1. Which number in (1) outside the structural domain of residue 100 (by TED's automatic domain parsing); (2) buried (at least 22 other Cβ atoms within 10 Å of the Cβ); (3) part of a loop (DSSP other than H, G, I, E, B) marks the one condition that residue 345 misses?
2. Take residue 26 and tell me if it is over 30 Å from residue 375 (Cβ atoms), assigned by TED's automatic domain parsing to the domain that holds residue 133 and in contact (Cβ under 8 Å) with a residue 40 or more places away in the chain.
3. Go through region 231-247 and count every residue that is under 18 Å from the mean Cα position of the chain (by Cα) and closer than 12 Å to residue 186 by Cβ.
4. Does any residue in region 273-286 that is surrounded by 12 or more Cβ atoms within 10 Å (Cβ to Cβ) come within less than 6 Å, Cβ to Cβ, of a residue that is not in a helix (DSSP H, G or I) six or more places away or on a different chain, and which pairs are these?
5. Here are some residues: 73, 80. Which one is farther than 30 Å from residue 328 by Cβ and either in contact with a helix residue (DSSP H, G or I) (Cβ under 7 Å, 6 or more places away or on another chain) or in a helix (DSSP H, G or I) (or both)?
6. Which members of region 199-251 meet the condition of being part of a loop (DSSP other than H, G, I, E, B) and either at pLDDT 95 or above or more than 28 Å from residue 38 (Cβ to Cβ) (or both)?
7. Is it the case that some residue within region 59-80 is assigned by TED's automatic domain parsing to the domain that holds residue 157, modelled with pLDDT of 85 or more and within 30 Å of residue 347 (Cα to Cα)?
């Protein structure tokens, strides 16, 4: 078996997930703005050319200038940054996604190119065109932007609910997965909401218009907030479409995921009630500060939702296929036999800082198996998490990792590597002393560790749970 090894970059004191997650949340919010903004611009163009609003065309040109600035420039830069950081953090995951969906990625990129070209054409020449030509460009832009969402959504939702793909590895089985439609519809309505809220901010910057004319435009833009009433049933549909164990993380099984789900739901509820009762029901005027606060709440809700979406995949990046540390379930047993870092070609940085070969080995095991989700002493510090464990507890808990912490992948090395990891953790917790005794002669400990590793098995807690359900069903 030839396991691919990739160079691993550190972002200490931030964990790798925080870096890619922060970029991802910002990028997703901008992308939602671009998608919903295309729909909103089509709506305002229709208002203008049918004579329903004398101010619609004026707003449309101002609104799109903001859309270009944010989504085309900052959105494009964060998109490139997402690819750059993703390759550093999870090269094997990205490779698997491209291997399976390369033609669909190419299709999405084609849609994105149409989006950019049509958007720039409208920005550059829209004011000189007749209404029919303007509408054609805007519809083309809007369809292309939503089309990009369509293709990306299928690939991203596949990571959590690959279901049929696990059996036949058919690209369409993976793409049209159980969470595809609820996720797509939820993101579409979220995009409309973001566009409507940012429209309210932009309208308040048009200070040459009096309050009543700004109110008219705000009332028009608030129509895009009405579909928020569907977010609750769509959220329930989405929860029911994901695996039961993933759903349990959200419903109280994981404090962090439950908290972020509650934050996302609470912020969405506040925005929805204000929009449905105040803006749509009472047709209230909303000033720039209030609109900005609501937009910020929408950003927080979006960020919380993305955190939960990522977190519910644990301990996988592709459920039942690839663990978060880029090791497959099929490879665990073999790595336990050969050693997970035996063939790792990358030397340790500042190798001379370690007091002996055993601690150096442990550091290398940490780098390969743990560092994608943990730091040494920063965020989600593995040293801090294990500092209250005694040495036997470290040995047993890591050997039975998927049982100790069900959202963790199984330990994928041999007894010598596990003991090296334990000694490295203890050495780090002790303040990295210059001298540290090796325990390589303690054969009893090695045998005990080996028995614990064998007892744990090679499967994830989720897979073991499914097997138990199948046996009980029979």
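The values are calculated or read from the model by the stated rules, or taken from the named source; none is laboratory data. Everything numeric in this text was worked out from a predicted model, so none of it was measured. Here the Cβ positions follow ideal geometry from the backbone for every residue, glycine too, while neighbour counts run over all protein chains shown.
1. (2) is the only condition that residue 345 fails.
2. Numbers: over 30 Å from residue 375 (Cβ atoms): no; assigned by TED's automatic domain parsing to the domain that holds residue 133: yes; in contact (Cβ under 8 Å) with a residue 40 or more places away in the chain: yes.
No: the conditions fail for residue 26.
3. Result for region 231-247: 4.
4. Between residues of region 273-286 that are surrounded by 12 or more Cβ atoms within 10 Å (Cβ to Cβ) and residues that are not in a helix (DSSP H, G or I), the close pairs are 278/284.
5. Within the list 73, 80, the selection yields 73.
6. Passing the criteria: 210, 242, 243.
7. yes
Matching residues to (1) surrounded by 19 or more Cβ atoms within 10 Å (Cβ to Cβ); (2) touching a helix residue (DSSP H, G or I) at 6+ places or on another chain (Cβ under 9 Å); (3) within 25 Å of residue 89 (Cα to Cα); (4) free of Cβ contacts under 8 Å to residues at least 24 places away in the same chain:
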| residue | (1), (2), (3), (4) |
| --- | --- |
| 255 | no, no, yes, yes |
| 268 | yes, yes, no, no |
| 295 | yes, yes, no, no |
| 307 | yes, yes, yes, no |
| 323 | yes, yes, yes, no |
| 337 | no, no, no, no |
